[in-house]
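The structure under discussion appears below in the form of structure tokens.
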């Protein structure tokens, strides 16, 4: 099953939301597989995964897996491998299509930047542990911290987890919780590191040439025509290919 918190933290993009939902469902299924279970339990777990994936497809109104109708005779656990293969096919298509969006809303961090962020997170967690926040709020912040750290340790760090943490920490600090106030500078430092890394990354991307650059690249008009001799014949040099 998917918790309300997991649903709340899904991306707004429907296709990206489907990727996360399916991964959660698959992880839950694989966790169940580690337990000792009977063939009946295995069949039940497979059907639950398949039904849940189809519920996600319908809830998100995606035009995929239409050949798998829950009420159809083919929708059975013995078709699990075929269903799983179809799901993987659509997941790969979504991932390929979403790459430009992923790059736009993520950044590649070098080792030094990741080390600094880990250090700041450690300081924030220390302050959080000593704060007078309720255990419920602490657990919520710990989860966002862990989600953010998981993103930081990837090849590209998505901004969504970082923004969720920064907004939640800022909100908690704004509740006049005195012991959390020192965390403000570490939160700001993390935001600054992400911003600086993104600016550096964007600066390395080649942009379209400006109109002035195009003018400088264009050849002079008098050089466009082949040079002519006085007798009207083309100069021999004009025939030499470059």
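The modelled label-to-label distance between residue 140 and residue 82, using points 7 Å beyond Cα along the C-beta direction, is 4.6 nm. Label separation (residue 28 vs residue 7): 1.1 nm, computed from points 7 Å beyond Cα along the C-beta direction. For region 7-29 and region 137-183, compute the distance between their C-alpha centroids and round to whole Å. Computed from Cα coordinates, the inter-centre distance equals 21 Å. With a Förster radius of 45 Å applied to the C-beta separation of residue 112 and residue 58, the computed FRET efficiency comes to 0.45. Taking 8 Å as the Cα distance limit and 6 or more residues as the minimum spacing, I'd like the relative contact order of region 113-199 as a percentage. Relative contact order for region 113-199 comes out at 41 percent.
Here the spin labels are modelled as points 7 Å beyond Cα on the Cα-Cβ line, and at residue 153 and residue 93 they lie 3.4 nm apart. Taking other Cβ atoms within 10 Å as a rough exposure proxy, 144, 114, 97, 179 sort from fewest to most as 97, 179, 114, 144.
Among 5, 188, 147, a tally of other beta-carbon atoms within 10 Å of each Cβ gives an order, fewest to most, of 5, 188, 147. Listed from fewest to most Cβ neighbours within 10 Å, the set 148, 159 follows the order 159, 148.
Each reported figure results from applying straightforward, stated rules to the coordinates on display, with no laboratory input. Keep in mind the model is a prediction, meaning the values are calculated, not measured. Please note: Cβ atoms are built from the backbone with ideal geometry, for glycine as well, and neighbour counts cover all protein chains shown.
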